[in-house]
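Take a look at the structure below.
No lab work stands behind these numbers, since they all come straight from the coordinates. A quick note: this is a predicted structure, and the numbers were derived from the prediction, not measured. Positions of Cβ are backbone-derived with ideal geometry, glycine not excepted, and every protein chain shown enters the neighbour counts.
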Amino acid sequence: MKEKYYHHPMTKTERTISSEATKQVGKKILLKGWLHTLRLLGTINFLVLRDRGGFIQIVVSDKEEIKKIKDLETGSILTVEGKVQKSDQTEIGVEVVDPKITIEVPVTEVPPIEINKKEIRANLDTILENRPIALRNEREIAIFKIQAVFLKAYREFLTQNGFTEYFGPTIIGASSEGGAELFTVDYFGHSAKLSQSSQLYKQVMVGVFERTFALMKCYRAEKSNTVRHITEATQCEFEMGFIDGLETILDWEEKIMKYIVKTIKKECACELKYFGNVADLPESTKIPRITLEEAQEIFYKRTKTDIRREDDLTPDAEKELSTYAKETAGCDFVFVTHFPRKKVAFYARPNEKNPEITDYADLLCNGAEVTSGGRRIDKYEELVESLKLKGLDPQDFTDYLSIFKFGMPPHGGFGLGMERFTKQFLGLENIREATLFPSDMKRIAAVKIKIKPVLGGEKMVEAIKQRLTKEGREFKHLIHEPTPTSEDSSKIRGTKMEEGIKAIILKGKKTEENYMVCIPSHMKIDMKAIAEQTGEQLEFERPEKIKESFGLMIGGVPPFGNLLGIQTYFDKKILDEERAVFNAGLQTDSIIMKSKDLIETADPTLGDFST
């Protein structure tokens, strides 16, 4: 691909994109892009330039050219003219030699995060805190190029098959699904909601277009801090009329998935090399379809874990069923159908043979659900009855219900989460990795919500008591003589060492950022494990620094890093004991409460951090 640029007042020069350089061997080309890496080795030096086509190596040996670039940092904007020659030392098979370099925008400041490796070696929090720069890393670029091709394939397939795209509202007057997990906004003095789904609107559009789809933002005010959940997501909506039943929807869903996977593998072969657990879906393979009852029985037989009386699948069951699909069908996808009516939304159509279950299905990919949908109720009277059954007022759904008074065919569809699919398809650990600017309980558009830290022991004690009272937690506040050590605390409180919590403040050797690690008081911290979690080597913060920064004495530090504004990690073994006991900001004050409640209030990252 070439673009015309005026590099010199008298000379018209065409820009070459790095990915097209292989076609220009032996010729001079003009490149424009960002300095990605620079290796100064002496006589021969190597510069890697990044542009929208990828990366290209430039060999620099001229002393004057070296002098130009020797003090530049990653991100500098360069124009490079040079000759293309073959090379067996580069991924694309060519490199540029004898370059003439023009520095368009020099960068001399070291980036806040190291982006010029194959993968950023830092914890996810650090990556998100530096999101605008971190996105320039080649693995990060690969994730979102793949995601873009996924969306392109989704839209392409549906458009080619007679589906019409619509754009629904994100500000609504009432819940679209009857749930309480909605964000409320002030709308000129009135209360409005951010849409949690475009479900009702895509059903409306079936009455208009018959076959319809959308790419919509959705918002869920879920107080969840898991690797699966974010508060703002992108939903790929699908809905069609004149279906024969649930099987029609599953057939279409399977065709769509196969087209998406085929397109990604064709157009993103280079990007997929960064990921080791990419989901597979051969075109010749039929995605297995099993009922929820069958799925629970399979899980029980394979693991001896009994969830056969539950209304849903557990995360462990979803992982095991994906393994089952790989072993029996040769693909990483599996449909689970016919969920109980009490588990699904009011518009889900009850099964004709057994009205206690519905013609609904989830699609699992690589160990987790990526779509949910099925056949909808298409009769007015049945919908009114279903709304009432779910405790909802039909008057709140007047516009929606009107379409069923004036003719709706048998119809159905599904919702496909863009970020969730990207995560599962690529085998990523956390959905935030698959979200450009994720929002969750701690962030808005990747920016961490600023928490004013509680400083000082007395203030901390009161802040903890207020937080626990506000959340309705049961706790006991003890006042006693000073307890500087875990052994002293256990003896004076009359509690077991295993119940005690040690809150340890560490410091990153590279970033000097503080972290809190909480472990049972009779255990020792596993510094290797916590270093792997945070992405950097750590050391114990100095007692005088803890006093200076947080107003706390060693022995009085509570397990509430969230009140101090620092990232907090809890050892899973804390949950082995029913009770948790800890100093609450002073060596003379302790709190006794349920371990489970402590975890929920402190909102830490859980892991194995003790030995």
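Quick look at the numbers
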quantity: Per-residue ³J(HN,Hα) for segment 188-203, Karplus 6.51 cos²θ - 1.76 cosθ + 1.60, θ = phi - 60°, Hz, x for Gly and Pro; calculated: 6, x, 9, 8, 10, 10, 8, 5, 8, 5, 9, 3, 5, 6, 6, 5
quantity: Segment 8-102 - percent relative contact order, Cα under 8 Å, separation 6 or more; calculated: 30
quantity: Kirkwood-based Rg to Rh ratio, segment 334-388, C-alpha trace; calculated: 1.02
quantity: Approximate spin-label separation Leu272-Thr226, in nm, with each point projected 7 Å along Cα-to-Cβ; calculated: 2.9
quantity: Mean shadow area of segment 457-611 over all directions, Cα convex hull, nm²; calculated: 8.0
quantity: In nm, spacing of pseudo-spin labels at Lys262 and Glu458 (7 Å Cα→C-beta vector); calculated: 7.3
quantity: Backbone HN-Hα couplings from phi across segment 363-378 [Karplus 6.51/-1.76/1.60, Hz, Gly and Pro as x]; calculated: 10, 9, 9, 6, x, 7, 5, 10, 9, 8, x, x, 8, 9, 5, 10
quantity: Added length on full extension, which subtracts the Cα-Cα distance from 0.36 nm per residue, Ile92 to Phe406; calculated: 107.0 nm
quantity: Gain in span if fully extended, Glu283 to Lys28, counting 0.36 nm per residue against the direct Cα distance; calculated: 87.5 nm
quantity: Cross-link pairs Lys476/Lys507; Lys117/Lys273; Lys450/Lys476; Lys145/Lys258 - those with Cα-Cα distance over 21 Å; calculated: Lys476/Lys507; Lys450/Lys476
quantity: Placed amide H near Asp526: partners under 5 Å, 5+ positions off or other chain; calculated: Ser610, Thr611
quantity: Under Karplus coefficients 6.51, -1.76 and 1.60, residue-wise ³J(HN,Hα) of segment 464-479 in Hz, glycine/proline x; calculated: 5, 4, 5, 5, 5, 5, 4, 8, x, 7, 7, 7, 10, 9, 10, 10
quantity: Value of relative contact order over the chain, rounded to a whole percent, pairs C-alpha under 8 Å and six or more apart; calculated: 9
quantity: For Gly551, residues with placed amide H under 5 Å, excluding near neighbours; calculated: Gly456
quantity: Euclidean distance of C-alpha centroids, segment 239-269 and segment 96-164, integer Å; calculated: 28
quantity: Using distinct alpha-carbon pairs, which all enter the 1/r mean, Kirkwood radius of segment 21-84 in Å; calculated: 12.1
quantity: Euclidean distance between Cα centres, segment 47-63 to segment 392-454, Å; calculated: 41
quantity: Compactness of the chain as Cα Rg over 2.2 N^0.38 Å, two decimals; calculated: 1.14
quantity: Cut-off under 5 Å, modelled amide H: who pairs with Ser76 long-range; calculated: Leu35, Val107
quantity: Estimated distance in nm for a label pair at Thr305 and Phe188, the labels positioned 7 Å out from Cα along Cα-to-Cβ; calculated: 5.2
quantity: Net charge over other residues, Cβ less than 12 angstrom from the Cβ of Ser486 (K, R count +1; D, E count -1); calculated: +1
quantity: Rounded FRET efficiency, nearest 0.05, which uses the C-beta distance separating Leu41 from Glu20 and R0 of 25 Å; calculated: 0.35
quantity: Cα shape, segment 239-322, gyration tensor, a/c 1.5 rule; calculated: oblate
quantity: Protection proxy ranking of 449-455, 132-138, 59-65, 213-219 - average other beta-carbon atoms within 10 Å, highest first; calculated: 213-219, 132-138, 59-65, 449-455
quantity: Cα convex hull of segment 304-356, projected area averaged across orientations, nm²; calculated: 4.9
quantity: Spatial separation of Cα centroids for segment 273-317 and segment 571-611, in angstrom; calculated: 34
quantity: Of the GluC sites (Glu not before Pro) in segment 507-611, those whose Cβ has at most 11 other Cβ within 10 Å and which sit in DSSP loop; calculated: Glu512, Glu578
quantity: Cα-based Kirkwood hydrodynamic radius, segment 151-226, one decimal, Å; calculated: 13.9
